[in-house]
1. Residues to consider are 119, 98; find the one that is touching a Ser or Thr at 6+ places or on another chain (Cβ under 9 Å) and not hydroxyl-bearing (Ser, Thr, Tyr).
2. For residue 158, work out the one condition from (1) more than 16 Å from the chain's Cα centre (by Cα); (2) closer than 18 Å to residue 204 by Cβ; (3) in a helix (DSSP H, G or I); (4) not aliphatic (A, V, I, L, M) it doesn't fulfil.
3. Just give me the residues in the stretch 38-62 being of a type in the set (A, V, I, L, M, F, W, C) and surrounded by fewer than 19 Cβ atoms within 10 Å (Cβ to Cβ), in sequence order.
4. Would you call residue 193 among the hydroxyl-bearing types (Ser, Thr, Tyr), more than 15 Å from residue 13 (Cα to Cα) and within 14 Å of the chain's Cα centre (by Cα)?
5. Would you check which residues across the stretch 104-147 are farther than 23 Å from residue 170 by Cα, outside any loop (DSSP other than H, G, I, E, B) and of a type in the set (A, V, I, L, M) and list them?
6. Does residue 54 satisfy being closer than 22 Å to residue 2 by Cβ and at pLDDT 95 or above?
7. Starting from residues that are in a loop (DSSP other than H, G, I, E, B) and surrounded by fewer than 23 Cβ atoms within 10 Å (Cβ to Cβ), keep the ones in the stretch 1-34 and report whichever is modelled with the lowest pLDDT.
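The values are calculated or read from the model by the stated rules, or taken from the named source; none is laboratory data. In this text, all values refer to a predicted model and were calculated from it rather than measured experimentally. Because the Cβ atoms are built from the backbone with ideal geometry, glycine has one as well, and the counts that use them run over all protein chains shown.
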Amino acid sequence: MATLVFDLDGTLIDSAPVILTGFGAAIREHGLEPALPLEHRLIGPPLTQVMGVLLPQADEARRQAVADSFKRWYDHEGVALTGAYEGIHDMLDALKAQGHALHLATNKRLGPTVKIVDQLGWSGLFRSVWALDRAAVPCKNKAEMLGLMREQEGLPEHCLYIGDTPGDREASQAQRMDFWGVSWGYGLNREESRLHHPSELPQALGAAQV
């Protein structure tokens, strides 16, 4: 059976509407304006990186204050508004029934990640849940996190990472993981993606050597 590592935002959950609303509210709370439109391509990278892109003229302390405002809103309100893409629940149940080992690795913080997993009823599906801040010293990026995850979880040599952005692809390849992209997320077009509907993954694993 395969070892599968999933991204979260844009792969399992459609979090963009909620997150972008939170970005806008946090920025306005501090009397600022974003340097770029609040678009789906902002979903996925670490929050500090996104703040740097949206607020390039603000100093580090101001960007951190905006990030803290976003975190408070997201943790108390945004998480509860977040839902899965259509077909994801059935996909995860099918993969679990097939005996695959499922893991989660996201650029999100661990706190809201666990809340989302719990509220969607996925707590018993994943063997491990990883976020950038899970380790005592937070990881700098997803590639570093995947390396630490592989080491601490004892993942086999052959793993498959499922994600929705070029960053997901690059991080997984840096750790010698196979990568299958999904076209329903925020960063890959149809030609760059292996999967176009969640139901295709359980079907594909029946015919692929992973």
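1. Values: 98 fails: touching a Ser or Thr at 6+ places or on another chain (Cβ under 9 Å).
One residue alone meets the criteria, 119.
2. (3)
3. First, pick out the residues of the stretch 38-62 that are of a type in the set (A, V, I, L, M, F, W, C): 38, 42-43, 47, 50-51, 53-55, 58, 61.
Passing the criteria: 38, 53, 58, 61.
4. Numbers: among the hydroxyl-bearing types (Ser, Thr, Tyr): yes; more than 15 Å from residue 13 (Cα to Cα): yes; within 14 Å of the chain's Cα centre (by Cα): no.
It is false that residue 193 is among the hydroxyl-bearing types (Ser, Thr, Tyr), more than 15 Å from residue 13 (Cα to Cα) and within 14 Å of the chain's Cα centre (by Cα).
5. 114, 116, 117
6. Numbers: closer than 22 Å to residue 2 by Cβ: no; at pLDDT 95 or above: yes.
Criteria not met by residue 54.
7. Step one: filter the stretch 1-34 for residues in a loop (DSSP other than H, G, I, E, B), giving 1-2, 7-8, 10-12, 14-15, 30-34.
Filter again for surrounded by fewer than 23 Cβ atoms within 10 Å (Cβ to Cβ), leaving 1-2, 14, 30-34.
Values: 1: 86, 2: 95, 14: 94, 30: 95, 31: 94, 32: 94, 33: 94, 34: 94.
Once the filter is applied, the top-ranked residue is 1.
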